[in-house]
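Take a look at the structure set out below.
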Amino acid sequence: MLIYHYNVNTPYRRQIRTIFRNAKHHGFDMEGRSRFLRGLDDVQRFLDLTDVHLSDNTSINGTY
């Protein structure tokens with residue numbers, strides 16, 4: 001399992017890394033299975049966007 005964190009702020013990153021460190025002490029290596037993605041360029045490097053399916057009420061340009 002790989003977890004992608006998209007467009008997160010610095011406090012979130014710090015908190016999640018602390019959680020991963022604590023999990024590692026209990027035998028779970030979560031840090032190696034997590035990617036922090038900053039923008040669509042990073043997303044396209046790891047995911048094929050043609051395979052991503054959004055719900056019908058999702059708007060790409062931010063208008064509803």
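Taken together, the values in this text are just the output of simple stated rules run on the coordinates, not laboratory data. These figures come from a predicted structure and were not determined experimentally. Please note: Cβ atoms are built from the backbone with ideal geometry, for glycine as well, and neighbour counts cover all protein chains shown.
Would you mind getting me the FRET efficiency between ASN57 and HIS25? Use the beta-carbon distance for r and R0 = 30 Å, nearest 0.05.
0.15
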- What is the extension gain from ASP48 to ILE3, computed as 0.36 nm multiplied by their sequence separation minus the C-alpha to C-alpha distance, in nm to one decimal? 14.7 nm
- Note on the structure: Under 20 Å by backbone N from the virtual spin label 7 Å along Cα-to-Cβ at ARG35, the residues of the range 41-59 are 41-54
- Task: Please give the net charge around GLN44, taking every other residue with its beta carbon less than 14 angstrom from that of GLN44, where Lys and Arg add +1 and Asp and Glu add -1.
- Result: -1
